[in-house]
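Input: a single structure, listed below in structure tokens.
The values are calculated or read from the model by the stated rules, or taken from the named source; none is laboratory data. It should be emphasised that the depicted structure is a prediction, and the values quoted were computed from it without experimental measurement. No Cβ is skipped: glycine too gets one built from the backbone with ideal geometry, and neighbour counts run over all protein chains shown.
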Amino acid sequence: MIRNQLYIDPMVMKIDTKRLIIRPWLQEDKKPFRKMSADMEVMKYFPNTLSSSEADELIDRLSVLIKKKGFGVCALECKQTNEFAGCVGLHDIHADFHFAPATEILWRLRPKFWGKGYASEAAHACLKFGFQELGLDEIIAYTTWNNVPSQNLMKRLGMKYSASFMHPQLAIEHNLCNHVLYKLRVQNYRGL
Ligand SMILES: CC(C)(COP(=O)(O)OP(=O)(O)OC[C@H]1O[C@@H](n2cnc3c(N)ncnc32)[C@H](O)[C@@H]1OP(=O)(O)O)[C@@H](O)C(=O)NCCC(=O)NCCS
């Protein structure tokens, strides 16, 4: 069956792990991504949930970036069930951040896929891709001061705390403005 991929290009990031597939976005991802983006539990550490049209537009923007750069924030699929599990990938950060230019790793999974090691498995594959295929010297990650699950994941990946900073696109009085920055240099990457 030919699946309705938003952009078909054999050169773009597509990775198979033991339990997961990291791949460009498909039309069929839009429905579960809308649901995930409207879920207060998933979006607890983001300034707001996304409307359906915002979620669709985000997939379209991410797809364009994947096509342009050959990597990006991809869809995550569970091999056993072919379900959409969330998103994961690498992203060149916006120039507003004081640590730019840099490439970040990021993740967002549906709650039913938490607590199974899926985010770790996918993130390891992305780090390996970033270091080995893209030749990056360093990959960073950042999150809000209170996002413990995300910080625990950074630590499990071997990333090291680097600094605290105020998110440049959030008001200083916003309760999520305070962020932490973690970094991993290629020579310190231990693999899975
Ligand atoms: C951040 C997030 C991806 C972390 O997900 P997670 O499931 O906790 O992370 P992992 O995949 O590494 O799973 C680790 C847990 O699975 C358990 N686990 C079960 N089976 C496992 C296996 N086969 N291998 C590894 N760990 C396994 C681990 O013991 C650990 O449990 P613990 O948290 O009770 O210690 C998830 O909370 C999320 O999507 N949050 C919402 C979005 C978000 O905040 N994104 C980050 C914004 S910066």
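Considering the conditions (1) within 25 Å of residue 37 (Cα to Cα); (2) crowded, with 18+ Cβ neighbours inside 10 Å, residue 117 is excluded by exactly one of them, (2). The set of residues in the stretch 69-99 being basic (Lys, Arg) and part of a loop (DSSP other than H, G, I, E, B) consists of 79 alone. Output yes when any residue across the stretch 123-138 is farther than 24 Å from residue 29 by Cα and assigned to a strand (DSSP E or B), and no when none is. Yes; the residues of the stretch 123-138 include at least one that is farther than 24 Å from residue 29 by Cα and assigned to a strand (DSSP E or B). All of (1) in contact with a Phe, Trp or Tyr (Cβ under 8 Å, 6 or more places away or on another chain); (2) of a type in the set (Ser, Thr, Tyr); (3) free of Cβ contacts under 8 Å to residues at least 40 places away in the same chain hold for residue 103 with one exception: (1). Screening the stretch 38-56 for residues that are under 19 Å from residue 75 (Cβ atoms), part of a loop (DSSP other than H, G, I, E, B) and touching a residue at least 24 places away in the same chain (Cβ under 8 Å) and picking the one that is nearest to the ligand (Cβ to nearest atom) gives 42. Taking the stretch 57-96 as the range and being closer than 30 Å to residue 173 by Cα, surrounded by fewer than 16 Cβ atoms within 10 Å (Cβ to Cβ) and either within 15 Å of the ligand (Cβ to nearest atom) or modelled with pLDDT of 95 or more (or both) as the test, the residues that pass are 57, 61, 92, 93, 94. Counting only residues that are in a strand (DSSP E or B) and in contact with a helix residue (DSSP H, G or I) (Cβ under 9 Å, 6 or more places away or on another chain), which one in the stretch 143-175 is farthest from the ligand (Cβ to nearest atom)? The residue in question is 160. On the stretch given as the stretch 100-121, residues that are assigned to a helix (DSSP H, G or I), out of contact with any Asp or Glu (no Cβ under 8 Å at 6 or more places or on another chain) and within 8 Å of the ligand (Cβ to nearest atom) total 5.
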